[in-house]
Amino acid sequence: MRDKIGVALLGFGRMGETHLRNLSGLSQVKVVVVADPRREAAERGKAISGAEEALTDVEKAIAHPAVDAVVIVTPTDTHAHLLELAAHASKAVFSEKPIALDLAETARVVKIIQERGIPVQLGFMRRFDPGYARAKQKIDAGELGRIELFRALSRDTYPPSLEFLLGSGGIFLDMAVHDLDLARFLVGEVEEVQAWGTVLVDEKFSKAKDADTAVTLLRFRNGALGVVETSRHSNWGYDIRTEVAGAVAKVVVEAAQKTPLLLARDFTSTFDHFENFPDRFQAAYRLELESFFSALLEARQPSPGPQDALETLRLGLAAAKSWRENRPVKTSEVQP
């Protein structure tokens with residue numbers, strides 16, 4: 001590995017731009033290539049980052065001799081193929097989640113990654129948010145005592161388009177999956193789920209055979225219980241909250257204020273909400289990349305890794321199965 005890690009960014013959409021701007025601010029990184037099938041997007045990414053090249057061929061970007069690591073921010077259905085190519089090219093990978101929406105395909109790619117021994121980190125960015133990271137420290141230090149209850153709530157401000165929904169994998173795999181990952185991260189593996197979903201926001205969710213409002217109950221292997229509330233609509237702004245309660249204490253990651261200003265008058269208090277997830281998790285997106293590249297420079301495996309992606313997908317699929325079959329589902333039932 002060189003003094004500076006040569007990077008290829010694959011995919012320059014909204015999230016691609018977020019990651020590229022963060023990459024450009026990392027002293028240990030040199031952006032070598034920005035690749036996107038749309039020439040104008042690749043060129044814009046090159047201009048923003050000062051990259052050496054703009055390419056429309058992502059496979060050529062992976063094979064570039066000056067590239068040590070690739071950052072995958074392409075459409076979901078391309079992740080598995082690009083991860084496989086990077087593994088065979090012995091390139092380290094940071095990839096947005098998921099590896100794939102199918103458990104068998106995910107398991108196949110995870111096996112290739114493990115056999116090739118390349119460092120891979122998946123983009124479960126909430127783990128790196130300062131509030132969640134601090135909560136994890138408190139839990140791991142035993143300050144809460146035995147964990148008893150987990151509660152997570154996620155509400156998007158605006159529902160996505162029908163086009164997006166048709167390729168998203170549904171509310172459990174696209175949205176609830178972040179809270180399901182936090183459940184594993186903060187409390188431990190889940191043994192059984194019971195999920196319900198309904199359409200209360202927009203009939204386009206029915207057209208996509210999806211739900212816009214869902215609740216998932218969790219039974220953890222360690223005996224703790226949990227609940228995950230998920231909604232595609234929030235009139236008051238992007239709403240993310242989490243609570244973990246133990247025998248001794250609890251930690252709460254509250255709805256974050258966009259600005260450190262609270263307006264109090266007429267016996268009420270108000271503050272500015274974030275509008276969306278890129279807005280709310282700006283720091284987390286930067287910190288997850290810092291963690292990935294620090295791991296590469298220190299020759300250690302980054303985290304969360306491919307196995308985390310596999311187990312969180314299994315959990316999301318179990319929730320979706322529970323909803324569709326209207327019954328509790330053990331995670332052990334969901335196999336490749």
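The values are calculated or read from the model by the stated rules, or taken from the named source; none is laboratory data. The model shown is predicted, which means the values in this text are computed figures rather than measured ones. Every residue, glycine as well, gets a Cβ built from its backbone with ideal geometry; the counts of neighbours run over all protein chains shown.
I'm trying to understand the selection: among the residues of segment 1-19, which are free of Cβ contacts under 8 Å to residues at least 40 places away in the same chain and within 18 Å of the chain's Cα centre (by Cα)?
Step one: filter segment 1-19 for residues free of Cβ contacts under 8 Å to residues at least 40 places away in the same chain, giving 3-4, 17.
The answer is Glu17, and nothing else.
Regarding segment 150-165, can at least one residue be identified that is closer than 24 Å to Phe94 by Cα, of a type in the set (S, T, N, Q), surrounded by 16 or more Cβ atoms within 10 Å (Cβ to Cβ) and in contact (Cβ under 8 Å) with a residue 12 or more places away in the chain?
No, segment 150-165 has no match at all.
Name the residue that is surrounded by the fewest Cβ atoms within 10 Å (Cβ to Cβ), counting only residues in segment 12-28 that are more than 12 Å from Gly50 (Cα to Cα) and touching a Leu at 6+ places or on another chain (Cβ under 9 Å).
Ranking the candidates gives Gln28 first.
Looking at (1) over 17 Å from Val177 (Cα atoms); (2) among the hydrophobic types (A, V, I, L, M, F, W, C); (3) touching a strand residue (DSSP E or B) at 6+ places or on another chain (Cβ under 7 Å), can you tell me which one Ala152 breaks?
(1)
For a quick check of your reading of the model, give me the residue pairs whose first member lies in segment 183-212 and is of a type in the set (Ser, Thr, Tyr), whose second is in a loop (DSSP other than H, G, I, E, B) and buried (at least 18 other Cβ atoms within 10 Å of the Cβ), with beta-carbon atoms closer than 6 Å and at least 6 apart or on different chains.
Thr198/Ala211
Tell me, which residue of segment 47-62 that is in a helix (DSSP H, G or I) and out of contact with any Leu (no Cβ under 9 Å at 6 or more places or on another chain) is farthest from Met15 (Cα to Cα)?
Out of the qualifying residues, it is Lys60.
Hey, any hits in segment 65-76 for a residue that's among the hydroxyl-bearing types (Ser, Thr, Tyr), buried (at least 21 other Cβ atoms within 10 Å of the Cβ) and either in contact with a helix residue (DSSP H, G or I) (Cβ under 6 Å, 6 or more places away or on another chain) or in the same structural domain as Ser95 (by TED's automatic domain parsing) (or both)? I'd like the intermediate steps shown before the answer.
Initial filter on segment 65-76 (among the hydroxyl-bearing types (Ser, Thr, Tyr)): 74, 76.
Subset that is buried (at least 21 other Cβ atoms within 10 Å of the Cβ): 74.
Checking the rest, the ones that are also either in contact with a helix residue (DSSP H, G or I) (Cβ under 6 Å, 6 or more places away or on another chain) or in the same structural domain as Ser95 (by TED's automatic domain parsing) (or both) come to 74.
Yes: segment 65-76 contains one or more residues that are among the hydroxyl-bearing types (Ser, Thr, Tyr), buried (at least 21 other Cβ atoms within 10 Å of the Cβ) and either in contact with a helix residue (DSSP H, G or I) (Cβ under 6 Å, 6 or more places away or on another chain) or in the same structural domain as Ser95 (by TED's automatic domain parsing) (or both).
State the number of residues belonging to segment 138-164 that are part of a helix (DSSP H, G or I) and of a type in the set (Asp, Glu).
Final tally of qualifying residues: 2.
I need the full set of residues from segment 95-107 which are surrounded by fewer than 20 Cβ atoms within 10 Å (Cβ to Cβ) and in contact (Cβ under 8 Å) with a residue 40 or more places away in the chain, in order please.
Across segment 95-107, the qualifying residues are Leu103, Ala104, Ala107.
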